[in-house]
Amino acid sequence: RAPARAAARPSAKMAAAEPADLIYKFRASQKKRDGAVRVTARGVSWRSTAGDEEIDVPYELLAKHEVSPEGHPKALLKLTRAAGKPVVLAILEATPERAYATLCDAKLAISTCLKRIRRRAPRAPAKTTASVE
């Protein structure tokens, strides 16, 4: 009889599918299609459960991200790109409390990544005005 811990270990196939810079992962639907969201150091991506559709939003293209308030019937994450339509993701959890907790964790992870990237990004030099004498 095989030990119980052997069955709990992820297979090599599962481990290889995850990106090395994965920060947070959760289930969400996009346009009524179930899938998984991965928050990485590079951006946010959603992939359908069937694997036939994928949406990738790099942090460089992300203008803002918003979450629905706690009392809202659905826990929603809205990713607004600098150009194009926003991506709206509905968190899939068993209870509204767990869905909202997942939403808060996702917002915190995205905010932290954005701060790190924007801190590292080179800033444009300040404009100076030369006085004419």
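The values are calculated or read from the model by the stated rules, or taken from the named source; none is laboratory data. Quantities reported herein were computed from a predicted structural model and do not represent experimental measurements. Glycine also receives a Cβ, built like all others from the backbone with ideal geometry; neighbour counts cover every protein chain displayed. In case anyone asks, the SASA skips ligands and DNA or RNA and just uses the protein heavy atoms, side chains included. Shrake-Rupley method; radii C 1.70, N 1.55, O 1.52, S 1.80 Å.
If I compute solvent accessible area with a 1.4 Å probe over the protein chains, what percent of it on the stretch 27-79 is carbon and sulfur? Here it works out to 49 percent. Checked against a 19 Å cut-off, the cross-linked pairs Lys78/Lys107; Lys64/Lys115; Lys85/Lys115; Lys64/Lys107; Lys31/Lys78 give Cα-Cα distances beyond that limit for Lys85/Lys115. For Lys25, the aspartates and glutamates whose Cα comes closer than 18 Å to its Cα, not counting residues fewer than 8 places off in the same chain, are Asp34, Glu53, Glu54, Asp56, Glu66, Glu93, Glu97, Asp105.
Other residues whose C-beta falls under 9 angstrom from the C-beta of Ala36 contribute a net charge of +3, scoring Lys and Arg +1 and Asp and Glu -1.
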